[in-house]
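The values are calculated or read from the model by the stated rules, or taken from the named source; none is laboratory data. Since this is a predicted model, take the numbers as computed values, not measurements. No Cβ is skipped: glycine too gets one built from the backbone with ideal geometry, and neighbour counts run over all protein chains shown.
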Amino acid sequence: MVNETKYHNDLKKDAGIIVLVLGLLFFSETFVFYTVMSTLWDAVPEVRTLFPVYLLFLLLLLGIETIGCIRVYNSIKEHMYDFKYYE
Amino acid sequence: MSENSNGVELVKTLRPYHVWALGVGIVLVGEYMGWNFTVAKGGILGSLFALLVAGTMYVMVSLCASELGSSTKLAGGPYDWARLFVGPGAAAIVGLAVYMEYIALEAADAIVVASIAQSIFPEIQTFPVTLLVIAALTFMNYRGVVAALNLNFALTFTALIAIIAFFFMNIGGIGGTWHPEYLISGAIPNGFIGVFAALQFGPWFYLGIEGAAMCAEECKHPTRAIPLGQQAGMITLLLGAGMTFYVCAGLIPTAELGVSVYPLFEAANQSGVKFLVAFLAVGTLFTCLASANGTVCDSSRSWFALSRDHFLTNWFAAVHTKYSTPYRAVIFTMPIAVAFAYSGFLDQVITFSITSGLVCYVMIPFSLIRFRKMFPEHTQKVRPFVGPLQPYLAYFTIFLAIVIMSTLNWGYSYNLIFGLLFYIIAYFYFSWRYRSIDAKHDWGEDLGWPEPAHRK
């Protein structure tokens, strides 16, 4: 017999850790990106040409990682009872 | 799937944090050293470009590895995925590429540990220390995977906390003075070509994270542990990469940063904070040991898988009756790592490791494309974790891997040609060898799967 409360609590712990590090990732990457771009914007003219490419890859990186994490959460939630993940 | 040579199975004890420790443990060394060669090629803008483009590629590689690893649950990782979904020749070159990628990395790590030891105790010789490090870590892996990965977790976590502490102390104003003028003076020294060429060292930020999925056969719940550990590992590396880049770019003049052996440690020195200097020194040492430890684990699994399927002599496929480790394959990592270490050319060893890694980053997504075609239905038995936006991400990954590989042409063209030639010869050799093997593969018997779509 599966203890559903334990399973939900353990799933929340898994999700909590990922949300925490993902939040830290969003903060640090955008902070680093903004600081470097704003420092170089007026001093280095090439930055204006390259900026759209940099922004595109930053958005791709953060977007794909976030979608990937949501998929992992859904997968664990879907199969946790069948595979007895938290026994 | 073939039998282990002595009929003993690998023990299933690993949890998600072990997967994280294996993946991040191998790679975090890249944040402590090596990534800064991107600055030498393309300045600050080149390094940031490499960080973002290589980061995007690795996020996608790690999603492909999560799906393939949690589905197949086999020790060979990329080798087994190529064997099942592409073909024997491709499988053999991937197995060999993974082996070479990690062995070369192990040798590079051991050389660096010995160099650190020599900088502390100038009277000692580096080569004996290198041998000692390789021997000690081989013994650790011989004794058992859980002990080896628990050690990796402790080492890696300490090294990661050192980076995070450094970053937050710096932006909080108590971790040294950040100099915007360093960024401006070294923003783009070699023009747009330099920015593009910097991509060749971009993988160093994340090289080897796909190896986290290689302990799938030893996981208690691989369908949870692999995707969770792999994604947590990828986020950790992206965090570490951004933070490392920021503190180093603002604390070390660009000309010095591009050639620094230990950039993070040097940045800590520049900060003038004794606590950070000590913490980052410990982090540098720990991350090298963790990386070498993880690479012994992964390279031995790849060798074990090649041997189990008779690409090599089946003698290497034995599992230890007491420790449940592929002990012969583990021990055999030692002479090869020593041979790489003996050469002593760190950048050449690193470049061969990167080339081997890039061969894998073409083959892993290709294996996923084939997997999706052969087994299009998302059943719980076949595909418990379904990655997003596939197969489009797989195609994009192959494109980025080839683009990054092409940039090795600037400065390392002979390494690139030699590396590719090596794998082409290996492909034909193993394809020829496979014909002489009585290989039987039954999807139902080996994996409990239905027949693939094209055979129905």
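Worth pointing out:
- Of all residues in the stretch B:214-225 being part of a helix (DSSP H, G or I) and hydrophobic (A, V, I, L, M, F, W, C), the one that is nearest to the other protein chains (Cβ to nearest Cβ): B:Ala225
- Test for B:Phe275: is it free of Cβ contacts under 8 Å to residues at least 40 places away in the same chain and assigned to a helix (DSSP H, G or I): yes
- The single condition from (1) farther than 22 Å from B:Leu52 by Cα; (2) within 9 Å of chain B (Cβ to nearest Cβ) that A:Gly68 fails is (1).
- Qualifying positions in the stretch B:199-208 - under 13 Å from the mean Cα position of the chain (by Cα) and away from chain A (no Cβ under 14 Å): B:Pro203, B:Trp204, B:Leu207, B:Gly208
- If you go through the stretch B:384-430 and keep only what is in contact with a Phe, Trp or Tyr (Cβ under 7 Å, 6 or more places away or on another chain) and part of a loop (DSSP other than H, G, I, E, B), you end up with just B:Thr407.
- Top-ranked residue of the stretch A:45-87 - restricted to ones that are among the basic types (Lys, Arg) and in a helix (DSSP H, G or I), ranked as nearest to B:Gly69 (Cα to Cα): A:Arg71
- Evaluation of B:Val277 against (1) more than 28 Å from A:Phe26 (Cβ to Cβ); (2) surrounded by 24 or more Cβ atoms within 10 Å (Cβ to Cβ) (one fails), failing number: (2)
- All positions within the stretch B:226-252 that are over 16 Å from B:Trp204 (Cα atoms), more than 9 Å from chain A (Cβ to nearest Cβ) and either polar (S, T, N, Q) or surrounded by 24 or more Cβ atoms within 10 Å (Cβ to Cβ) (or both): B:Ile226, B:Gly229, B:Val247, B:Leu251
- Against the criterion of being in a helix (DSSP H, G or I) and modelled with pLDDT under 85, B:Phe340 qualifies.
- For B:Phe127, the conditions (1) of a type in the set (Phe, Trp, Tyr); (2) crowded, with 24+ Cβ neighbours inside 10 Å; (3) away from chain A (no Cβ under 14 Å) are fulfilled apart from (2).
- B:Gly258 meets the conditions (1) more than 14 Å from every other protein chain (Cβ to nearest Cβ); (2) buried (at least 24 other Cβ atoms within 10 Å of the Cβ); (3) under 23 Å from the mean Cα position of the chain (by Cα) in every case but one. The failed one is (2).
- Matching entry among B:Gly211, B:Gly194 (being more than 10 Å from chain A (Cβ to nearest Cβ), crowded, with 19+ Cβ neighbours inside 10 Å and under 17 Å from the mean Cα position of the chain (by Cα)): B:Gly211
- Of all residues in the stretch B:374-383 being more than 7 Å from chain A (Cβ to nearest Cβ), in a loop (DSSP other than H, G, I, E, B) and not acidic (Asp, Glu), the one that is nearest to B:Gln231 (Cα to Cα): B:Arg383
- Pairs linking a residue in the stretch B:383-395 that is in contact (Cβ under 8 Å) with a residue 12 or more places away in the chain to a residue that is part of a loop (DSSP other than H, G, I, E, B), with Cβ atoms under 6 Å and 6 or more positions apart or on different chains, are B:Val386/B:His378.
- Counting residues in the stretch A:8-30 that are more than 10 Å from every other protein chain (Cβ to nearest Cβ), under 26 Å from B:Cys219 (Cβ atoms), in contact with a helix residue (DSSP H, G or I) (Cβ under 8 Å, 6 or more places away or on another chain) and exposed (fewer than 13 other Cβ atoms within 10 Å of the Cβ) gives zero.
- Any hit, the stretch B:137-144, residues being surrounded by fewer than 24 Cβ atoms within 10 Å (Cβ to Cβ) and either within 14 Å of chain A (Cβ to nearest Cβ) or over 26 Å from B:Val282 (Cα atoms) (or both): no
- Matching residues in the stretch B:286-340 - criterion: being buried (at least 23 other Cβ atoms within 10 Å of the Cβ), over 22 Å from the mean Cα position of the chain (by Cα) and among the small types (Gly, Ala, Ser): B:Ala317
- B:Phe385 vs. criteria touching a Pro at 6+ places or on another chain (Cβ under 6 Å) and of a type outside the set (A, V, I, L, M): yes
- When the stretch A:71-85 is filtered for residues that are more than 7 Å from chain B (Cβ to nearest Cβ) and over 10 Å from A:Leu11 (Cα atoms), the ones remaining, listed by number, are A:Asn74, A:Glu78, A:Tyr81, A:Lys84.
- Checking the stated criteria, B:Pro203 turns out not to satisfy the condition of being surrounded by fewer than 24 Cβ atoms within 10 Å (Cβ to Cβ) and either under 14 Å from B:Thr38 (Cα atoms) or modelled with pLDDT of 90 or more (or both).
- Verdict on A:Leu62 being modelled with pLDDT under 95, surrounded by 13 or more Cβ atoms within 10 Å (Cβ to Cβ) and in contact with a Phe, Trp or Tyr (Cβ under 8 Å, 6 or more places away or on another chain): no
- Selected residue (criterion: farthest from the other protein chains (Cβ to nearest Cβ)) from residues of the stretch A:31-44 that are of a type outside the set (D, E, K, R) and assigned to a loop (DSSP other than H, G, I, E, B): A:Trp41
- Scanning the stretch A:17-34 for any residue that is under 30 Å from B:Ser71 (Cα atoms) and among the small types (Gly, Ala, Ser) turns up at least one such residue.
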